[in-house]
Amino acid sequence: MIAGPLAHPEMMAALNLRGEPCRLSGRLIGGARAGIALNGWPRRLPGAEDIPALRVEWTAELCRYAEIFDLTAQDGVLGLGAGPAAGDEDTGQERDWNPQLAAAMAAWLVGLDIGMAAERIRARLPSVAGWVASRLRGESEPQTPLGPTTLGPGGGAWELLSRSEPYAHFFSVESLRLRHSLNSGGWSDPLERAVFVSGDATVLLPWDPVRDRVLLIDQFRAGPAARGDREPWLYEAIAGRVDAGEAPEAAARREAVEEAGIAIGQVFSAPAHYPSPGAVAEFLYLYIGIADLPDGAAGIAGLASEDEDIRSHLVSRSALMDMVDSGRIRNGPLLVLALWLDRHADRLRAELETGANGAGPVAGQGAGQLAGQGAGQLAGQGAAI
């Protein structure tokens with residue numbers, strides 16, 4: 001018998017299940033991360049309610065899925081947790097659980113190479129969940145048609161012929177065999193392409209419009225080090241991965257606390273983009289975040305659990321643009337944000353002062369103060385740079 005989230009129609013389709021409904025009494029608590037996190041399954045408590053349940057024949061897909069998630073039947077029922085999960089609350093799993101994400105992840109997991117050890121996949125579940133969530137965003141976001149108009153039998157302008165994963169750890173590399181329609185007409189020969197997979201990320205540049213200064217961070221980066229760069233510490237904006245089930249803006253706010261210890265007020269979306277689409281499947285959501293950045297706001301932060309050693313710097317906006325012109329900013333997303341902010345700063349200030357787009361006070365200071373506290377009045381409170 002399966003119950004709860006596992007008995008949802010989308011999960012059943014992903015795991016090739018068919019079943020006969022049956023009665024299972026009780027009530028479920030928790031479960032918002034069912035099928036997404038290892039210990040995210042709901043718990044069953046006594047109660048008079050009916051829990052969605054089905055009698056099913058085990059399929060190969062269900063066997064593999066249960067092995068990866070280390071699921072065992074609880075009182076003859078599969079799909080329930082053995083004990084309280086982290087953050088369990090008696091709120092009901094149906095309110096917060098995302099069946100589309102859980103089902104997409106189930107389909108992805110059972111489609112992996114059967115020779116890959118379940119323990120190895122299990123250790124990577126957070127990364128896999130982030131990647132699957134990224135793919136769902138990519139499929140659902142509006143796009144401007146640009147490619148050739150010749151469509152294949154499946155109705156698309158390109159076709160995936162095969163996919164494998166020769167490297168899989170925190171990040172992974174996918175080997176794709178594909179073909180696409182040509183601008184000159186017809187279709188390309190099958191192509192082999194390797195893609196570095198990391199999932200979507202969010203990048204945020206904190207800006208204090210009263211003092212007209214921003215907060216930058218620096219940290220050691222393995223990419224420049226591997227290239228032989230003698231200075232693998234870079235000025236950057238705050239950034240991090242978007243967790244599965246998390247909105248990009250929420251991820252930006254979370255990262256601001258983790259990497260710099262600051263709270264963000266209103267946020268403004270800057271151009272989202274692929275930084276290196278020829279070989280990297282990463283998509284970046286960029287934001288300017290309104291923050292209160294007095295002297296002393298910079299420091300050292302980062303999560304020890306992620307081996308982060310992050311130093312922050314207060315920089316006037318004019319000094320930031322001098323750094324851009326002199327080549328001291330070598331981080332692409334920060335370059336985009338610096339140039340975008342320099343172009344739109346006056347408009348953003350005007351929106352903050354009038355409360356446009358729902359903007360509230362500027363991180364602890366009334367927006368009306370902006371008019372009376374020009375950047376020139378704060379020259380004596382200069383940034384570190």
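None of the figures in this text is laboratory data; all of them are computed from the coordinates on show. What you see is a predicted model, and the numbers here were worked out from it, not measured in a lab. We place every Cβ from the backbone using ideal geometry, glycine too, and count neighbours over all the protein chains shown.
Using a simple spin-label model with pseudo-atoms 7 Å out from Cα toward Cβ, Leu303 and Glu20 lie 4.7 nm apart. Rg over Rh for the chain works out to 1.03, both radii taken from alpha-carbon positions and Rh defined as the Kirkwood radius. When all alpha carbon pairs of the stretch 2-118 are counted in 10 Å bins from zero, the resulting P(r) reads 15, 50, 31, 4, 0 %.
Going by neighbour counts of Cβ atoms within 10 Å, the residues His169, His8, His180 line up, fewest first, as His169, His180, His8.
Starting from the eigenvalues of the Cα gyration tensor, five times each then square-rooted, give me the equivalent ellipsoid semi-axes of the stretch 251-316, largest first, whole Å.
In descending order the semi-axes read 24, 17, 11 Å.
If a/c stays under 1.5 just call it rounded; otherwise compare a/b with b/c (prolate if a/b is bigger, oblate if not). Do that for the stretch 161-217, with a ≥ b ≥ c from the square roots of the Cα gyration tensor eigenvalues. The shape class here is oblate.
Between the DSSP loop rule and a limit of at most 13 other Cβ atoms within 10 Å, which trypsin sites (Lys or Arg not before Pro) in the stretch 1-51 are left?
Arg18, Arg23
Between Asn183 and Trp108, what's the calculated FRET efficiency when r is the beta-carbon distance and R0 is 41 Å? Round to 0.05. It comes to 0.80. Equivalent ellipsoid of the stretch 201-381: semi-axes from √(5λ) of the C-alpha gyration tensor, largest first, are 26, 18, 16 Å. Structural size metrics of the stretch 127-180, computed from C-alpha coordinates, are Rg and Dmax of 13.8, 37 Å. Karplus-derived 3J(HN,Hα) values for the stretch 183-191, using 6.51 cos²θ - 1.76 cosθ + 1.60 with θ = phi - 60°, are 4, 7, x, x, 10, 6, 5, x, 10 Hz; glycine and proline are entered as x.
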